[in-house]
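A.B. asks: Pasting a structure here, questions to come.
The values are calculated or read from the model by the stated rules, or taken from the named source; none is laboratory data. This one's a predicted model, so the numbers in the text were calculated from it and none came from an experiment. When we count neighbours, we look across all protein chains shown, and the Cβ atoms used for this are built from the backbone with ideal geometry, even at glycine. Please note that ligands, DNA and RNA were not included when accessible areas were found on the heavy atoms of the full protein model with its side chains. Shrake-Rupley method; radii C 1.70, N 1.55, O 1.52, S 1.80 Å.
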Amino acid sequence: GRILQRTGLRDKVKLATKMPQYFVKKPADLERFFSTQLEHLRTGFVEYYLMHTLNSLEQWQRLVSLGVVEWIAQKKAAGQIKNIGFSYHGGREEFRRIVDAYPWEFCMIQYNYLDEHHQAGKDGLLYAAGKGLAVMVMEPLQGGRLATGLPQEAQVIFSHAQPKRSPAEWGLRWVWNHPQVTLALSGMSTAQMLQENIRVACDALPDSLSEQELALFDQ
């Protein structure tokens with residue numbers, strides 16, 4: 001929030017934050033959480049707002065009974081929420097139900113080459129994108145395990161591959177190879193990681209991996 005007070009910086013930043021929907025017990029909680037977030041961020045609006053860990057249709061229906069649809073409409077009309085979405089860690093079928101339950105603008109799913117068929121998975125990615133949702137991918141390297149925690153056998157496969165790339169780069173390129181992925185959320189803890197991610201993102205275009213490169217992930 002303090003950083004955003006710098007002159008002109010707010011216009012260059014896209015903010016995302018989440019409603020802790022599991023703590024919402026009454027209609028007033030929606031406004032209480034949201035106003036506190038805006039206060040902490042020292043802003044009057046957010047570009048991307050998510051219903052956090054919305055893993056079942058029943059959770060959404062409970063929020064609907066508390067007036068969340070009307071609340072979202074009010075916030076969007078006031079310009080305080082630009083895009084509304086949800087984050088997800090459930091199964092494939094439930095994901096489809098939630099996508100169809102409301103005119104969302106985006107969603108956030110866990111997706112990487114190890115989790116291709118886990119949680120929402122590739123089926124969910126294609127389904128959401130086909131419905132016009134932007135798809136934000138979290139855990140593209142599964143919390144770093146696909147960067148630094150690979151078993152020796154997997155490290156050998158990548159080390160012999162051409163061109164030479166780190167396991168992290170291979171993992172990120174696999175995610176960005178999907179045309180349906182709007183954004184990959186990669187956790188970075190050093191300037192070197194930041195520089196690598198920027199470099200890779202500059203040319204990791206959709207459908208840019210060859211058949212031989214894709215075969216590495218199958219191995």
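A.B. asks: Counting Lys and Arg as +1 and Asp and Glu as -1, what is the net charge of the other residues whose Cβ lies under 12 Å from the Cβ of Arg42? It would help to have the intermediate numbers written out before the result.
C.D. replies: Working: positive: Arg2, Arg6, Arg10; negative: Glu39.
Its environment carries a net charge of +2.
A.B. asks: Then there is this: R0 = 22 Å: FRET efficiency of His160 with Glu116, Cβ-based, nearest 0.05? Let's see the in-between values first.
C.D. replies: Working: r = 22 Å, r/R0 = 1.02.
The pair His160/Glu116 has a calculated efficiency of 0.45.
A.B. asks: Contact order normalised by length for segment 49-179, with contacts defined as Cα pairs under 8 Å and 6 or more residues apart; what percent is it?
C.D. replies: Working: 169 pairs, mean separation 26.7, N = 131.
About 20 percent, as a whole number.
A.B. asks: Quick check: net charge around Asp203, other residues with Cβ under 14 Å of its Cβ, Lys/Arg +1 and Asp/Glu -1? Show your work: numbers first, answer last.
C.D. replies: Values: positive: Arg165, Arg173, Arg199; negative: Glu169, Glu196, Asp207, Glu213.
Its environment carries a net charge of -1.
A.B. asks: How much area per residue is accessible in the chain when the probe is 1.4 Å and only protein heavy atoms are counted (Å²)?
C.D. replies: About 53 Å² of surface per residue is accessible.
A.B. asks: Using only Cα positions of segment 122-219, each an equal point scatterer, no hydration layer, compute I(q)/I(0) via Debye at q = 0.14 Å⁻¹ and quote the log10 values to two decimals.
C.D. replies: Relative scattering, expressed as log10 I(q)/I(0), comes to -0.54.
A.B. asks: Restricting to DSSP loop positions (anything but H, G, I, E, B) with no more than 16 other Cβ atoms inside 10 Å of their own Cβ, which GluC sites (Glu not before Pro) remain in segment 98-173?
C.D. replies: Working: sites: Glu105, Glu116, Glu153, Glu169; in loops: Glu105, Glu116.
Qualifying residues, ordered by number: Glu105, Glu116.
A.B. asks: Treating the Cα atoms of the chain as identical point scatterers in vacuum, please give the log10 of the normalised Debye intensity I(q)/I(0) at q = 0.08, 0.10, 0.14, 0.16 Å⁻¹, two decimals.
C.D. replies: Calculated log10 I(q)/I(0) at the listed q: -0.34, -0.52, -0.94, -1.14.
A.B. asks: Then there's this: Sum -39500 (n - 2.57) across every DSSP H segment of at least 4 residues in the chain, then divide by the residue count to get the 222 nm mean residue ellipticity, nearest 500.
C.D. replies: Numbers: 10 runs with 96 residues, N = 219.
Calculated at 222 nm, the ellipticity per residue is -12500 deg cm²/dmol.
A.B. asks: Separate question: Give Lys14/Lys76; Lys75/Lys131; Lys14/Lys82; Lys18/Lys75; Lys12/Lys82 a once-over and call out the pairs whose C-alpha atoms are over 18 Å from each other. Mind showing how you got there, number by number?
C.D. replies: Numbers: Lys14/Lys76 16 Å; Lys75/Lys131 23 Å; Lys14/Lys82 10 Å; Lys18/Lys75 14 Å; Lys12/Lys82 15 Å.
Pairs exceeding the cut-off: Lys75/Lys131.
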